Amino acid sequence: MRQSRHIGGTLREVPKDAQTAAHSLMLRAGYIRQLSAGIYSYLPLLFRTLTKISQIVREEMAAAGSEELLMPALQNKELWEESKRWERYTAIDGIMFAFEDRRGGTVCLGPTHEEVVTDILRHEIKSYKDLPKNAFQIQTKFRDEIRPRFGLMRAREFIMKDAYSFDADDAGLEQSYEAMRQAYHRVCRRIGYEYRAVEADSGAIGGSGSQEFMVLADTGEDTLVYCDQCEYAANQERASSRLETFDQDTETRPMKAVLGENLIGVEPLAKFLGIPVWKTTKTLIFEADDDVVAVMVRGDCDVNETKVRNHLGCNVLRLASAGTIKELTGADVGYAGPIGLPERVRIVADHYVNDRVNFECGANQTHHHNVDVNFDRDLPRPMFGEFKLARGGHRCPQCEGRLQEARGIEVGHIFKLGTKYSAAMNCRYLDANGKPQPAVMGCYGIGISRMAAAWIEQNHDDRGIIWSPQIAPYLVHLIALNPEDDTVRAAADRLYEQLLREGIEVLYDDRRARAGEKFGDADLMGMPIRLTLSKRTLEQNQVEYKLRKGGESELVTPAEAIRRIQHSAGSAQAAQALRS
Ligand code: ATP
Ligand code: MG
């Protein structure tokens, strides 16, 4: 492609609203243009990268036995009512774009496709002999995210690969899930991410087990924890951990309320009271749909809201407002405790709150703290569960190792759905005894457009993007310096034609622009190999060869440059083959 005709000019200025490297670099290097909040055009360079990522995903889906189709983005309300998700996706979460059509019907733009695919397969599957089935598509999804941000990372319109498996039983689902899991690992390895697969929460999609594929990056929206000794790795929302436990007092002391003004943080409070932090208690008040819940965790921990939400089975969980807290506890924020709350407040507590003798908790009176509190005597034992947030430094739930914390970008998510959709939507087959059974489903998503952003987040420097040959828009950026010089232009044109004849993907900077601008743009755009042709190199019948990812520039003959390019394209393929 001749750059003089290319659509997607570069920007020198860092866009003000771009908070991450990927977002800023994609805008600056001419990969995307914003239309409105969370809505972007994919300009030609990005489109090429998306096509390459899609191709890798297609190959791995096919290898895992999934068949490609394309379902409608425009769906109807009735279908979503069958699965009982309409309310949740519209009124409750508000994630779905829904509107009236001229026929008086209500339609929506698909945020995901469980309903549509189940509708297709319920007409397809008759007997156990028709199973298993597995279908995937690469398609635009629509989600009215509350906080669209970071460019393509969290957009309102984005490209996803979604696959759905249908099996006769759980054993079949295990096999389908495993094949998809392996395919996801191969996709991540072929692209070349530094990533981790982690146990995940199933969220609104529902189901019994799920894993996320996380590209490691400090700006990632997700936190993951992993063990430094075993394979354990989980999204923090889902993670378990073990805490240090301590010897307890052998005698209980009488409970008393202590005045400790403005001691809200557990550290200063523990210091003031002369007790270890683990003896303090955090009691957080939440509104859970129409109920109010107090959640207790040990003072050295935080509450895992996902676990609380899952335990309560509520749709919306949010911290109560200062006003509500005052009304319920009679105290300002920071002094809530489990003793003396109104009856309608349900109390749940993390396991590690239990088994403590003489502990502290808020006294429901501003500036006051109860000390030497004991269960059974001062308050009944609440419902216990795992409600604390797992953290780096905690013990692994599976071995003696320690958990580490990292930030990640979720690029893929695989779920065991079970029969949630097939039962609700009557997608059944006749088993060997002629008895109808719901198909057992799995679903598997990869954010194609988010993957491109995640690559940049992980692979850039202060000058710009650093693509790998696998997903670079073009392998080679050919630069003609001073192309207004006829000999330079003619030679560069010849080399360009030759590269094309060799089947090498090349972006040719034939623009009349300064050398500094051309080099700056090439670094910003990030093609793996840069070839520069100038009057000086021509005098020696040579061309300058330079890798974007470090490395000195070298003068080589055009033939040698082509040999190296072919070698690097070949070795990229070989590396892909090896990694997969
Ligand atoms: P998140 O937790 O990031 O909101 P999700 O769990 O809702 O994502 P899934 O339903 O699992 O997303 O979707 C499958 C994949 O689609 C995700 O792993 C992610 O890569 C991608 N994806 C989801 N939401 C977005 C979005 N708003 N913008 C870009 N990609 C997205
Ligand atoms: Mg997900």
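The values are calculated or read from the model by the stated rules, or taken from the named source; none is laboratory data. Keep in mind the model is a prediction, meaning the values are calculated, not measured. Don't worry about glycine lacking a Cβ; one is built from the backbone with ideal geometry, like all the others, and counts go over all protein chains shown. All accessible areas refer to the heavy atoms of the entire protein, side chains included, with ligands and DNA or RNA removed. Shrake-Rupley method; radii C 1.70, N 1.55, O 1.52, S 1.80 Å.
In degrees from 0 to 90, rounded to the nearest 10, what is the angle of the helix 448-458 Cα long axis to the longest principal axis of the chain?
Its long axis makes an angle of about 90 degrees.
For the range 185-318, take the alpha-carbon Rg, divide it by the Kirkwood Rh, and send me Rg/Rh. Provide the component values of the computation, followed by the final result.
Details: Rg = 19.6 Å, Rh = 18.4 Å.
When Rh is taken as the Kirkwood radius, the ratio is 1.07.
Starting from the Cα of R514, step 7 Å along the direction of its Cβ; do the same at D378; then give the gap between the two resulting points in nm.
It works out to 7.2 nm between the two label points.
Rg to Rh for the range 462-525: what is it, with Cα atoms only and Rh by Kirkwood?
Details: Rg = 12.4 Å, Rh = 12.5 Å.
When Rh is taken as the Kirkwood radius, the ratio is 0.99.
Over the chain, give the accessible area per residue in Å² for a 1.4 Å probe, as an integer.
Numbers: 25920 Å² over 580 residues.
Ligands and nucleic acids excluded, the result is 45 Å² per residue.
Could you work out how much longer the chain between T10 and K549 gets when fully extended? Use 0.36 nm per residue separation minus the Cα distance between them, nm to one decimal.
Details: separation 539, 0.36 × 539 = 194.04 nm, distance 2.01 nm.
Difference between extended and current length: 192.0 nm.
Could you size up the charge dipole of the chain around its Cα centre, putting +1 on the beta carbon of Lys and Arg and -1 on that of Asp and Glu, and report it in debye to the nearest 20?
The dipole of the chain has a size of about 1340 debye.
Give me the percent of Cα-Cα pairs in the chain that sit more than 40 Å apart, rounded to a whole number.
Working: 70096 of 167910 pairs.
Here the long-distance tail beyond 40 Å is 42 percent of all Cα pairs in the chain.
Within the range 284-356, list the trypsin sites (Lys or Arg not before Pro) lying in a DSSP loop whose Cβ has at most 16 other Cβ atoms in a 10 Å radius.
On the way: sites: R298, K307, R309, R318, K326, R344, R346, R356; in loops: R344, R356.
Listed in order of number, the matching sites are R344.
In what sequence, largest accessible area first, do S83, S321 appear using a 1.4 Å probe?
S321, S83
Calculate, for A559 and D218, the FRET efficiency according to 1/(1 + (r/R0)^6) with r their C-beta to C-beta distance and R0 60 Å; round to the nearest 0.05. Numbers along the way, then the final one.
On the way: r = 43 Å, r/R0 = 0.72.
FRET efficiency, A559 to D218: 0.90.
Could you give me the percent of Cα pairs per 10 Å distance bin for the range 319-457, shortest bin first, beginning at zero and ending with the bin that holds the maximum distance?
Spelled out per bin, shortest first, that is 9, 19, 20, 21, 22, 8, 1.
In the full protein assembly as shown, how much of I146 is accessible to a 1.4 Å probe, in Å² to the nearest 10?
Solvent-accessible area, nearest 10 Å²: 140 Å².
If you place +1 on the Cβ of every Lys and Arg and -1 on the Cβ of every Asp and Glu, how big does the dipole about the Cα centre of the range 467-579 come out, in debye to the nearest 20?
Details: 16 positive and 17 negative charges, 63 e Å.
Value, rounded to 20: 300 debye.
Please say if the range 256-385 is rounded, prolate or oblate, where rounded means a/c under 1.5 for a ≥ b ≥ c the square roots of the C-alpha gyration tensor eigenvalues, and otherwise the choice is prolate for a/b larger than b/c and oblate otherwise? Kindly include the intermediate steps, with their values, before the conclusion.
Numbers: a/c = 1.67, a/b = 1.36, b/c = 1.23.
Since a/c reaches 1.5 and a/b is larger than b/c, the shape of the range 256-385 is classed as prolate.
Carbon and sulfur together cover what percent of the accessible area of the chain at a 1.4 Å probe radius?
Working: 12470 of 25920 Å².
Carbon-and-sulfur percentage of accessible area, whole number: 48.
Tabulate in residue order the Karplus-calculated ³J(HN,Hα) for the range 531-539, using 6.51 cos²θ - 1.76 cosθ + 1.60 with θ = phi - 60°, rounded to whole Hz; enter x for Gly and Pro.
Karplus values, whole Hz, x for Gly and Pro: 10, 10, 10, 9, 4, 5, 5, 5, 4.
How big is the Kirkwood radius of the range 56-149, worked out from every pair of different alpha carbons and given in Å to one decimal? Intermediate results must be reported in sequence, preceding the final value.
Details: mean 1/r = 0.0666 Å⁻¹.
So the Kirkwood estimate lands at 15.0 Å.
With the Cα gyration tensor of the range 113-198 giving a ≥ b ≥ c as the square roots of its eigenvalues, does the rule (a/c under 1.5 for rounded; else a/b larger than b/c for prolate; else oblate) give rounded, prolate or oblate? Write out the running numbers ahead of the final one.
On the way: a/c = 2.90, a/b = 1.44, b/c = 2.02.
Oblate is the answer for the range 113-198, as a/c is 1.5 or above yet b/c matches or exceeds a/b.
Just to make sure I understand: if all protein chains stay in place, what is the order of D300, D485, D170, D372 by accessible area at 1.4 Å, largest first? If you can, show how the numbers build up before the last one.
Working: D300 70, D485 40, D170 105, D372 15 Å².
Largest to smallest exposure gives the sequence D170, D300, D485, D372.
Consider all pairwise Cα distances in the range 467-579 and report the whole-number % of them above 24 Å. Walk me through the numbers before you get to the answer.
Details: 1178 of 6328 pairs.
Percentage above 24 Å: 19.
Applying 1/(1 + (r/R0)^6) with R0 = 41 Å to the Cβ-Cβ distance of R463 and A62, what FRET efficiency is obtained, to the nearest 0.05?
About 0.65, to the nearest 0.05.
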